[in-house]
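Below is one structure; the comments refer to it alone.
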Amino acid sequence: MTESWGQFKTFDGAKFETLDPEFTKKITKILGGQLLTSCFQCSKCSAGCPVSDKVNIQIHEVMRMLLFGLEEVLQTDMIWLCTTCYTCQERCPQTIEITDILFGLKNMAYKKGIAPLGYIAAAQSLYDTGRLYPPTEWEREDLGLDDVPELNVEDTKKMFKKTGLLKLQEGK
Ligand code: SF4
Ligand code: SF4
């Protein structure tokens, strides 16, 4: 494992004691997870990953944690630092849909409140204002632009409700 670049801590020295076959089974049922158990740990995915020197655990190690049923995988920063370039998925000799699995892991982690603060703040801002980030007024002033108008967030809130993000935001 390499030194952690994101907000999550390194797993160096950590002991994992709960091997949960049900967790592995659960992953085989999410989008892309169907071929998970055919992973033979060749590391070809990690060899082509552009963020391999930025994460606290490599993508082939993520796959191994999934095979072992280690739910601690949701605390890896690979889930969030993945650029979704799909290189790993293209390279996998077992045609495992690795990147798609990562999307599922991201959803699972978010539901448990495990996410970088920037993501949570962006989701909250989207819910409250309809924007991911507040506009920088001084830049607009410098450019001679008018104030940014308020947005009607009713549709955004409906989207949160339909996708389940509303529940997550309210911690239900
Ligand atoms: S490339 Fe595929 S088979 Fe090889 S370690 Fe990665 S996921 Fe497993
Ligand atoms: S999709 Fe993500 S995990 Fe796969 S190679 Fe790209 S950055 Fe790495």
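The values are calculated or read from the model by the stated rules, or taken from the named source; none is laboratory data. All values reported here derive from a predicted model rather than from experimental measurement. Quick reminder, even Gly has a Cβ in these numbers, built from the backbone with ideal geometry, and neighbours come from all protein chains shown. For the accessible areas, the whole protein counts, side chains as well, though only heavy atoms, and no ligand, DNA or RNA atoms are used. Shrake-Rupley method; radii C 1.70, N 1.55, O 1.52, S 1.80 Å.
Some points to look at:
- Residue match in segment 162-170 (condition: without any contact (Cβ under 8 Å) to a residue 24 or more places away in the chain, under 21 Å from residue 80 (Cβ atoms), of a type in the set (Lys, Arg) and part of a helix (DSSP H, G or I)): yes
- Considering only residues in segment 82-101 that are of a type outside the set (Asp, Glu) and more than 11 Å from ligand 1 (Cβ to nearest atom), the one that is nearest to residue 45 (Cα to Cα) turns out to be 86.
- Enumeration of residues in segment 40-65 that are under 21 Å from residue 21 (Cα atoms) and more than 13 Å from ligand 2 (Cβ to nearest atom): 40, 41, 64, 65
- Near pairs, Cβ below 9 angstrom, 6+ apart or cross-chain, from segment 128-143 (closer than 19 Å to residue 154 by Cβ and assigned by TED's automatic domain parsing to the domain that holds residue 161) to any residue that is assigned to a helix (DSSP H, G or I) and among the aliphatic types (A, V, I, L, M): 132/122; 132/123; 132/126
- Cross-chain or 6+ apart pairs with Cβ under 7 Å, segment 53-81 first and small (Gly, Ala, Ser), then open to solvent by less than 10 Å² (accessible area, probe 1.4 Å) and in a helix (DSSP H, G or I): 69/23
- Residue check, residue 105 more than 10 Å from ligand 2 (Cβ to nearest atom), closer than 18 Å to residue 41 by Cα and modelled with pLDDT of 90 or more: no
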